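The values are calculated or read from the model by the stated rules, or taken from the named source; none is laboratory data. Just so you know, these numbers come straight off a predicted model, no measurement behind them. So basically every Cβ, Gly included, is an ideal-geometry build from the backbone, and we count neighbours across all protein chains shown. Ligands, DNA and RNA are stripped out before the accessible areas are found, and what is left, the full protein with its side chains, is counted by its heavy atoms. Shrake-Rupley method; radii C 1.70, N 1.55, O 1.52, S 1.80 Å.
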Amino acid sequence: MRVPELLGAFVRKLLHVPYYLITAILLLFKQLAKLSSILNPFNTNNPTMGWGNIYKRRMKVFTLAFVIYMDYKALQQREKLAKRSKRDALWERAHERNAKRVLKLIVELEGLWVKMGQYLSTRADVLPDAYIRLLKQLQDSLPPRRLEEVCQTIEKQLGESMDDLFTNFVSVPLATASIAQVHRATLHDGKEVVVKVQHEGIKTIILEDLKNAKAIVDWIAWAEPQYDFNPMIDEWCKEAPKELDFNHEAENTRKVSRNLGCKSQGLDRRPEDVEVLIPDVIQSSEKVLILEYMDGVRLNDSHALEELGVDKQKLVEEITRAYAHQIYVDGFFNGDPHPGNFLVSREPPHLPILLDFGLTKLLSSSMKHALAKMFLAAAEGDHVALLSAFAEMGLKLRLDMPEQAMEVTSVFFRATTPATEALETVKSLQEQRAKNMKIVQEKMKLDKKEVKRFNPIDAFPGDIVIFSRVLNLLRGLSSSMNVRINYLNIMRPFAESVLKSNISNTPSSNTKWIYDIPVHSDVEDKLRRLLVELGNANRILGIQVCAYKDGEVIIDTAAGVLGKYDPRPVQPDTLFPVFSATKGVTAGMLHWLADKGKLKLDENVANIWPEFGTNGKDQIKVHHILNHTSGLHNALSDIYQEDPMLLCDWDACVKRIAKVAPETEPGREQIYHYMSYGWLCGGIIEHASGRKFQDILEEAIVRPLNVEGELYIGIPPGVESRLATLTFDTNEFAKRAAATAATTTRQPYAAMPSSLSPEILAGFIPLSNTLNVRRAILPAANGHFSARALSRYYAALVDGGTVPPRHSSTSLPPLGSHPHRPTFPSKKTSKNQKDSNSTTQSELYIRIPETDDASDEIDNKIFSNSKSKIHDAFLGSGDYKDLIVPNGKFGLGFRRVKTTEGLVIGFGHAGLGGSTGYCDVNNRFSIAVTLNMLSFGALTAEIIRFVCSELDLPVPEDYSVSREFIDKPVIN
């Protein structure tokens, strides 16, 4: 049996013994502790740290920990016998006596334990009042060192006598903390200053305490793997020693003051500056720091703050703003914001005075960006951005739990609560943790013993340790001041500013704005120049354009960035949400089943899907669904108002749509089925095939076309890093939607449904960025495609289903090279892993064997019917002409592509915001455009007009109008 198990067994046995025996054991340990102190007194003024002293420090810490632990365990036993009315008093007395024990030992040991006590004293949001009240003394009220020692240090460090340095030196310190104490003094020029003097021997004590803490953390990680705090202690060991060099602190103070614009006045002040004060540095050495004296009251002096009439809410908000600026704008912040490091100026407007910059953290540009991205992801509930931010900062999870990751992050940035609500807060956090661990247990199929030892984090970046500490200290500070701080509101502008400033959205500011792919043709070369022009005009955020002509790739271009707050470049394999362009793929699946004899286009849907034939739907046929004439155009239109997340429940939505009643007689009127189309087609596909929707998608389209990993309807786990993020201008949407009635028939989209108001769109589009929605199966609007996958699909359809030769080998990574079922880390990365074992980006893909013989692919057909037969089926012409509304915009599942003269030249489908794909049957041409800055089709139309004119191809009527005309509001 291992040591932890033996200890656990001992404690379990102990808890069953009578209370008086537990009390006796406690008294025994107390006497042992006293005896240790008598026999081996520890002198904190003695800098010598031999093995004897190190051992005694450890023994005192472990003894106290055991005494306190057993005290609370004994209380749990005693509580069972006490009256309910007296239980609260029992706990209060226990907190009081144990807080006194902790305070006494910390004052005795000094060093790192004072830092820990200072941290605990700020956590009024989670700790009992007794601990907060007593440990507050550690912020600046420790026993002072002897004046002789202080003067000796000053003279030795600065090389001058006290009389030569000061005309007056106050012997009683203003404050005494863990590392130094501060005295007020006057220089010979009359300037009032404060002198910070490091305790003699404190460096040795701190370094040894760090070693002890590291040993304790290593033991905990071995005994309880779910509590592996090694990344935290490693970062602390790296950063804490920097506090011991006051030259370092002096430079930090100057730098933070410059960053925050503390000396800027009047017209020189910048809008992003915050209203705080930081004292000037007068002189510094390794152990002595002389600063400008600023008259202020302590932040924890409630009586003085009340007398001055200080607005505590405004005060803490400004401190929070100062830290948001340091973290997100400067990437350089003070890592120790406990109340003892703040004063409040006595003069109005009573600004916060920031002190003590010994412990600071410098963030790299990439880490600063990732932290800002994590913050905004939590603010917007964007799972994709959150996981992307985790990846960028080096935080790795062992399992796919985006919802739980979002919950934890949201709790991290939650609004603060007053100290009076600490008990409720702790209880709520404990309940949430238990809930999450239960989900982990079920997901990983772990037993109770295994789940206790399971750590969901595979790698934790040290850079965010101090960041996490700062947020927790700020949270505790606001709780102790009894104010509520909404971090999301205060910090958001600063996080947004760093992301905006770091993203080069235009070609003029980003030389790699066009992704480096060889040019396939002259028309592509000219197109790229046009895209650069459009990008410099801020009309493009991120875009892909891919086109086939006569079975060969002639355009394959990616440009821009993945999102408004995501500066990573768009690549050929980037996945764009294409909204209703998804319908063209879903329609192809239905035609594939018809070609295989699994259903007939003129068959009643109820014959295929019996549950569907209720409420007057028994006469609705498959072609009515494909042609948008079923009368179910508004089916489930109220689902968004009821609960937007119901959209993600495939089975529930399919069942609900089977029960609704049509609004119009089937086949009479063509009204665009903007959302219901997906569940209608999906229900038919699953019932006709007897298989899941995504299985048919794989067999019918993905595998034959070799577009694995780049054509999804409902993304799987593991592809989040390749997702583009949508953005749009709310005001522009509202303005143009108001003019919907002005639309004409010459549009790439159908008129906006009345149920899709600008307000609903404003909420729906951000919702579509969330991982829950992206992973859902919404065959009407939830495709995540690359342009090269969508263009290849239409290149196959233009030839009646014949699969074109392999996509261009110059487009990397190769199309179809992504593993289709990504995996997550399953074991911890070894610290000793050699660099030679690391995997390059190119090795993450499954390589496609090169072959010169593509004849087997050319003969590979998705459909068995003839080319003309399948085209007639798509368009609703020839033998299928009676299955559609005459002169309607839609054939059987596809929008009919016409010239301005009304000649039908092909078919395709566009999506909300501008993404589109279509093919020109007569000229064996297909093109796809995907983008992430949503517009009303003007940009897409300009690109298609340009490509068609360069190739001397007819321009579809939908895209032939001028920019001014197409700017009218259109949507599908």
Histogram of C-alpha separations across segment 619-662, 10 Å bin width, %: 25, 53, 22, 1
Probe 1.4 Å, accessible area per residue of segment 650-734, Å²: 36 Å²
Built amide H within the under 5 Å cut-off of Phe907, gap 5+: Val897, Cys919, Val921
Taking the convex hull of Cα positions in segment 475-586, its mean projected area over all directions (nm²): 11.0 nm²
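Suppose every Lys and Arg Cβ carries +1 and every Asp and Glu Cβ carries -1, with no other charges. What dipole size does segment 150-201 come out with about its Cα centre, to the nearest 20 debye?
The calculation lands at about 220 debye.
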Qualifying GluC sites (Glu not before Pro) for segment 678-727 [loop in DSSP, other Cβ within 10 Å: at most 10]: none
Listed pairs Lys583/Lys869; Lys83/Lys104; Lys156/Lys196; Lys659/Lys869 exceeding 24 Å between Cα atoms: Lys83/Lys104; Lys659/Lys869
Residue-wise HN-Hα coupling along segment 128-138, computed from phi with Karplus coefficients 6.51, -1.76, 1.60 (Hz; x: Gly, Pro): x, 4, 4, 5, 5, 5, 7, 6, 4, 4, 6
Per-pair calculated FRET efficiency, R0 = 22 Å: Lys396 and Asp218 via Cβ, rounded to 0.05: 0.60
Cα convex hull volume per residue for segment 643-729 (Å³): 185 Å³
Kirkwood hydrodynamic radius (C-alpha pairs) into Stokes-Einstein, segment 876-942, 25 °C and 0.890 mPa s, D in µm²/s: 189 µm²/s
Low-density loop positions, trypsin sites (Lys or Arg not before Pro), segment 872-938 - DSSP coil, at most 10 other Cβ in 10 Å: none
Nitroxide proxy distance, nm - points 7 Å out along Cα→Cβ at Asn168 and Asn615: 8.6 nm
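Starting from the Cα-Cα distance between Arg133 and His188, subtract it from 0.36 nm times their residue separation and give me the gain in nm to one decimal. Walk me through the numbers before you get to the answer.
On the way: separation 55, 0.36 × 55 = 19.80 nm, distance 4.02 nm.
Result for the pair: 15.8 nm of gain on full extension.
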In Hz, Karplus ³J(HN,Hα) per residue of segment 555-564 (6.51, -1.76, 1.60; θ = phi - 60°; x = Gly, Pro): 9, 8, 10, 10, 8, x, 10, 6, x, 4
Lys, Arg +1 and Asp, Glu -1 on Cβ, resulting dipole of segment 460-619 about Cα centre, debye, nearest 20: 880 debye
Förster radius 30 Å - calculated FRET efficiency between Glu663 and Asp882 (Cβ-Cβ, nearest 0.05): 0.85
Amide H within-cut-off set for Gly358, under 5 Å, with H built and near neighbours excluded: none
Within-13-Å neighbourhood charge of Val519 [Cβ basis; K, R +1; D, E -1]: -2
